[in-house]
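This report refers to the structure that appears directly beneath it.
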Amino acid sequence: MSHAPSKPPVHAKAPAVLVLEDGRTFRGRAYGAEGTALGEAVFATGMTGYQETITDPSYARQLVVQTAPHIGNTGVNADDAESRRIWVAGYIIRDAARRPSNWRSEQSLDDQLREQGVVGIEGVDTRAITRHLRERGAMRAGIFSGPDAALTEGQLVERVVAQPSMTGSRLAEEVSIDEAYVVEPADHGWTGGTVATIAALDLGIKAMTPKHFAQRGVRTVVLPANATFEDVVATQPDGVFMSNGPGDPATADAQVELLRRVLDARMPFFGICFGNQILGRALGFGTYKLRYGHRGINQPVLDRRTGKVEITSQNHGFAVDAPLDGPVEAPAGSYGRVEVSHVSLNDDVVEGLACLDLPAFSVQYHPEAAAGPHDSAYLFDRFIDLMRAEKADPGSGNAVLASALDAPSESAALAAAAAAELGTHGSQVSGTQPRRSPTTQTSTTQEEN
C-alpha cells in the first residue's frame, strides 16, 4: 500500500502591508504573528545566519529586511540563538521556505516568530525595498497585517510617523540582563587554568562573545548595562569589555563615564560595535547617524597599519566622528594619542580606534561573528596579550598593543603564505588616505528622514 507524502502544516496567510514614513507601501502576506510592528526599517545583506540576525539584541526596535531572497530553509534551533529571545521588531522577507530541511532544525522560523509575537511580512519585493532605503536612508516604518492592514494608507502613515526616531533612543538598558552571570572556560571545552578574568558590560551582548573568550581560557563576568565602576572592580578583572548593542550612543552617558574611570585606572579595555562608539565618546570624539548603516556579514574593512583587508560582520546605524589622518591627541581628558586603526572600504567610516598611550582599543565590527566570517577572531587573542602584558608589567600594555598593531597578524601571514604558494599576487593597499574627505562623508551620512 502506498502512502501520500506528509505535508507541512498550512497556516492561512492574511494580507499584510509594509508602510514607510515617506508613504511608500509594499503589499504581501503575513509571516509570523499577525498585528502591527513599528520600528526603523533597515536592510541586512547576509546570505546566511538569519537566526543569528533576529536574535541579535542590536536589532531591537528595527524592522529587518533580508536581502537574501529565500529565508527559513534550515529552520531554527536552540544552539544558534545569540540571546534569550528574538529582538527584531518586525521581519521582512521575499520567499519563505514552505518547510525547513536541515538535520539541526527544531522548529520552523515562521512558527518561532509566531510564538514570540514577532510580526513579519513575506512576498514583497525586498530588492526594491532595499534600493529605496539605500537611496532615501533608513526610516521609520510599520508592518500591518490582519485587521490592521485594512486601514487606509493615510492612517497607516500617521501611525508610522508618530513613533520615535532611532536618533536619541536609549535601548541598551532595555536589552541588557538584570543580574550578573559568569561564563567559565570549562563550560566551553577549556581544560587548562584560567588565563584571565574580564568584566563584560552587557549592552546587547551576543552569546558567541563570552564563548570566544571561554575557548581561550578567559573567565567572563557579564554585568548589566547599568553597572557601576565599583561593580566592575568587585569582579577583580584583568580587563574590561563593552559589547555591541542597540540605540544612539549619544544617550550612553553613564557608560561613557564608567569607561573614563576604567581608562583613568589603566585597566586594559576592548570594545566592539557600541563599545567602539562609547570609547570614541570617552576620548572626546562625537558620533553621528549613518544614512542607512552597515548590516550584514560581508562588510570589507581595511586595517590601516598592515594593509590587510578583513571581511567582517556588522550591525550598526551610528559611527564615531574621528579624524582619519591621525594619530591625534584625544580631545577629552589626559588620554594621550589615539588613531583610527580601521576604516570601511565602502564609505571610509571609522571601524576601529587604538589608544597609543593607554591599553585600550576597539572595533566597530563583530569579531565573534556567527554565522561568520571569522577573519577578525584574532582580536580576542590581541586583548588577551594586552591583559597579560599589563598584568606582568603595569604600564607596558599600550606598547604591546602598538607592537601588535604594527605587525601583520598570524592570519594575515598565513594568507600571504598561501597566496605565495599558489603563485597569486595582489596589489598592496596602504590605507593611509581616505578615499573621500571626512567632511564630505559626515555631511552625507548625517542626513535624516
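The values are calculated or read from the model by the stated rules, or taken from the named source; none is laboratory data. Keep in mind that what you see is a predicted model, and the values were worked out from it rather than measured. Glycine also receives a Cβ, built like all others from the backbone with ideal geometry; neighbour counts cover every protein chain displayed. Heads up: the accessible areas ignore ligands, DNA and RNA and are worked out on the full protein's heavy atoms, side chains in. Shrake-Rupley method; radii C 1.70, N 1.55, O 1.52, S 1.80 Å.
Within the stretch 1-21, the set of residues being surrounded by fewer than 10 Cβ atoms within 10 Å (Cβ to Cβ), among the small types (Gly, Ala, Ser) and at pLDDT 50 or above comprises Ala12 only.
For (1) part of a loop (DSSP other than H, G, I, E, B); (2) in contact with a His (Cβ under 9 Å, 6 or more places away or on another chain); (3) modelled with pLDDT of 95 or more, each residue gets a yes or a no:
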residue: Ala81; (1), (2), (3): yes, no, no
residue: Arg98; (1), (2), (3): yes, no, no
residue: Trp103; (1), (2), (3): yes, no, yes
residue: Asp111; (1), (2), (3): no, yes, yes
residue: Arg114; (1), (2), (3): no, yes, yes
residue: Gly117; (1), (2), (3): yes, no, yes
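Any chance the stretch 52-70 includes a residue that's farther than 19 Å from Asn315 by Cα and open to solvent by 20 Å² or more (accessible area, probe 1.4 Å)? The answer is yes, given that some residue of the stretch 52-70 is farther than 19 Å from Asn315 by Cα and open to solvent by 20 Å² or more (accessible area, probe 1.4 Å).
Looking at the stretch 89-120, which of the residues that are among the aliphatic types (A, V, I, L, M) and either open to solvent by 30 Å² or more (accessible area, probe 1.4 Å) or touching a residue at least 40 places away in the same chain (Cβ under 8 Å) (or both) is nearest to Pro164 (Cα to Cα)? Among residues in the stretch 89-120 that are among the aliphatic types (A, V, I, L, M) and either open to solvent by 30 Å² or more (accessible area, probe 1.4 Å) or touching a residue at least 40 places away in the same chain (Cβ under 8 Å) (or both), the one nearest to Pro164 (Cα to Cα) is Ala89. Per the listing Ala214, Ala254, the residue uniquely open to solvent by less than 10 Å² (accessible area, probe 1.4 Å) and out of contact with any Cys (no Cβ under 9 Å at 6 or more places or on another chain) is Ala214. Looking at the stretch 144-159, can you tell me whether even one residue there is part of a strand (DSSP E or B) and closer than 19 Å to Asp248 by Cβ? No - not one qualifying residue is present in the stretch 144-159.
Residue pairs whose Cβ atoms lie under 8 Å apart, sitting 6 or more positions apart in sequence or on different chains, and linking a residue in the stretch 124-139 that is closer than 17 Å to Val157 by Cβ to a partner that is in a helix (DSSP H, G or I) and open to solvent by less than 10 Å² (accessible area, probe 1.4 Å), are Met139/Leu133. Filtering Ala234, Ala207 for residues that are aliphatic (A, V, I, L, M), surrounded by fewer than 23 Cβ atoms within 10 Å (Cβ to Cβ) and touching a residue at least 60 places away in the same chain (Cβ under 8 Å) leaves a single hit, Ala207. Filter the stretch 283-320 down to the residues that are in a loop (DSSP other than H, G, I, E, B) and not aromatic (Phe, Trp, Tyr) and list them by number. Of everything in the stretch 283-320, those that are in a loop (DSSP other than H, G, I, E, B) and not aromatic (Phe, Trp, Tyr) turn out to be Leu283, Gly284, Arg304, Arg305, Thr306, Gly307, Lys308. Can you tell me which residue in the stretch 137-187 is least open to solvent (accessible area, probe 1.4 Å), limited to those that are of a type in the set (Asp, Glu) and within 26 Å of Gly28 (Cβ to Cβ)? Looking at residues that are of a type in the set (Asp, Glu) and within 26 Å of Gly28 (Cβ to Cβ), I get Asp148.
Hey, among the residues in the stretch 160-190 that are out of contact with any Asp or Glu (no Cβ under 9 Å at 6 or more places or on another chain) and part of a helix (DSSP H, G or I), which one's nearest to Val221 (Cα to Cα)? Only one residue fits best here, namely Pro185. For the stretch 22-51, the set of residues classified as surrounded by fewer than 21 Cβ atoms within 10 Å (Cβ to Cβ), of a type in the set (A, V, I, L, M) and over 21 Å from Arg98 (Cβ atoms) consists of Leu38 only. Helices (runs of 4 or more DSSP H) fully within the stretch 339-423 that include at least 2 residues being at pLDDT 85 or above and open to solvent by 50 Å² or more (accessible area, probe 1.4 Å): 378-392. So, Met267, is that one open to solvent by 10 Å² or more (accessible area, probe 1.4 Å) and among the aliphatic types (A, V, I, L, M) or not? Yes: the conditions hold for Met267.
Out of everything in the stretch 270-284 that is small (Gly, Ala, Ser) and either in contact (Cβ under 8 Å) with a residue 60 or more places away in the chain or crowded, with 24+ Cβ neighbours inside 10 Å (or both), what residue ends up being farthest from Glu230 (Cα to Cα)? Step by step, filter the stretch 270-284, then rank; the result is Gly280.
Go through the residues of the stretch 361-380 one by one and say whether even a single one is among the acidic types (Asp, Glu) and free of Cβ contacts under 8 Å to residues at least 24 places away in the same chain. Within the stretch 361-380, none of the residues are among the acidic types (Asp, Glu) and free of Cβ contacts under 8 Å to residues at least 24 places away in the same chain.
A Cβ distance below 9 Å, combined with a sequence gap of six or more or placement on separate chains, defines the contacts here; from the stretch 25-43, residues that are in contact (Cβ under 8 Å) with a residue 40 or more places away in the chain and over 18 Å from Pro69 (Cβ atoms) reach residues that are open to solvent by 20 Å² or more (accessible area, probe 1.4 Å) and part of a strand (DSSP E or B) in the pairs Ala30/Pro15; Leu38/Arg140; Gly39/Arg140; Glu40/Arg140.
Screening Ala180, Ala150 for residues that are among the small types (Gly, Ala, Ser) and modelled with pLDDT of 95 or more leaves exactly one candidate, Ala180.
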